[in-house]
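Data block below; observations after.
Bear in mind that the values in this text are calculations on the coordinates, not laboratory data. In this text the structure is predicted, and so the values were computed from the model without any measurement. Note that each Cβ is placed from the backbone with ideal geometry, even for glycine, and that neighbours are counted across all protein chains shown.
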Ligand code: ATP
């Protein structure tokens, strides 16, 4: 059981004059037993964070600690972490069972079991019972990835680190594998850090999510809070689709405000409203912009629509702003939509 802490972690590659800052002052606490996901676009520093936790990279500044114990001088092999990468990294000349048992050659299997029993238990856990004698190349991609997971779990690590483990798999397989993964993780109660660039996957799988951009943490919260209460513009735009409005507060009375966006005045309700004369940015999800709502109406010039099965997603413009709508049917012309004052969520300006 392990709590993981990153304190003021920065990582620079190369020299000061000619280098890349991959991480800037990253602060994170991953709680004991938590399924924690780092999500962000390519190059934002996810892999560097994971490699720093595993000990493959040393932070330029800051510390990584497991249960309050700084890991600064602890080699990767002594950190008790299991790592699974996107490329499964199975040993091709070893059977599935030998792959899973590999890490047990260097340490004793858990009390009261033999290596063979431990390997059989793990193959059971990842639904590959009876496949131990096969070679990795006789398995599908999804099965190989489950062998890699079993191999990482075999030595009973304190911490499980997963770097885009499913990105090479097709969408349907990924969904079924992620259900298996969450089941295994909660059965074992192992502290897990998962990396993905797929925000939907992050919301679906995690207890908490850290959204990263440009080497920094933008927000750490539950999936619900990340979706409903994005803290920054980046999070509002990266997670799901959103409509972002920039305006100026005209009047403010308690938890109500009137906000001018261009020539239009909107009424907003909420606790995070700035005071009169201040700039304010707020977002409204496509599903909250409806034709039936009579407050805060504005006209949208429709440009394209996509059929999504359950609904139609339409894209259009209002003044200079691009707008995403969720409609029941493809519109046959421009539409006027409105939103309730409490459907708007205020984000940090900037
Ligand atoms: P992806 O989703 O594409 O894997 P990522 O979020 O995992 O991206 P990182 O691999 O952590 O991002 O990279 C963060 C930044 O650090 C990038 O700008 C990358 O080019 C840079 N970087 C990573 N590794 C090195 C290295 N060994 N030397 C120099 N720069 C590096």
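The angle separating the long axis of helix 171-188 from the principal Cα axis of greatest extent in the chain is about 70 degrees. When each of 322, 206, 305 is scored by the number of other beta-carbon atoms lying within 10 Å, the sequence from fewest to most is 322, 305, 206. Looking at segment 116-266, I'd like the Rg to Rh ratio, where Rg is from alpha-carbon atoms and Rh is Kirkwood's inverse mean 1/r. Value, to two decimals: 1.17. Full extension of the chain between residue 246 and residue 24 yields a length gain of 77.1 nm, computed as 0.36 nm times the residue separation minus the alpha carbon distance.
The mean of 1/r over all distinct Cα pairs in segment 241-347, once inverted, gives the Kirkwood hydrodynamic radius of 14.1 Å.
Counting 0.36 nm for each residue step from residue 287 to residue 87 and taking away their Cα separation leaves a gain of 68.3 nm. Annotation: the antiparallel percentage among DSSP beta bridges lying fully within the chain is about 75. Which angle from 0 to 90°, rounded to the nearest 10, does the C-alpha axis of helix 141-153 make with the longest principal axis of the chain? The answer is roughly 70 degrees.
Distance between the 7 Å Cα→Cβ label points at residue 13 and residue 330: 4.5 nm.
Our note on the geometry: Cα centres of segment 224-241 and segment 137-193, 27 Å apart. In the chain, the DSSP-assigned H stretches of four residues or longer account for a calculated mean residue ellipticity at 222 nm of -6500 deg cm²/dmol, using -39500 (n - 2.57) per stretch and the full residue count as denominator. Approximating the spin labels as points 7 Å out from Cα along Cα→Cβ, the residue 108-to-residue 311 distance works out to 5.8 nm. The distance between label points at residue 94 and residue 183 comes to 2.6 nm (points 7 Å beyond Cα on the Cα→Cβ vector). What whole number of Å gives the distance from the Cα centroid of segment 38-62 to the Cα centroid of segment 322-346? Each part reduced to its Cα centre gives a spacing of 39 Å. Multiplying the residue separation of residue 140 and residue 31 by 0.36 nm and subtracting their alpha-carbon distance yields 35.9 nm.
Angle of helix 115-125 to the longest C-alpha principal axis of the chain, folded into 0 to 90 degrees and rounded to 10: 30°. Mind running the shape call on the chain? Use the C-alpha gyration tensor, a ≥ b ≥ c as the square roots of the eigenvalues: rounded below 1.5 for a/c, prolate if a/b tops b/c, oblate otherwise. Verdict is prolate for the chain.
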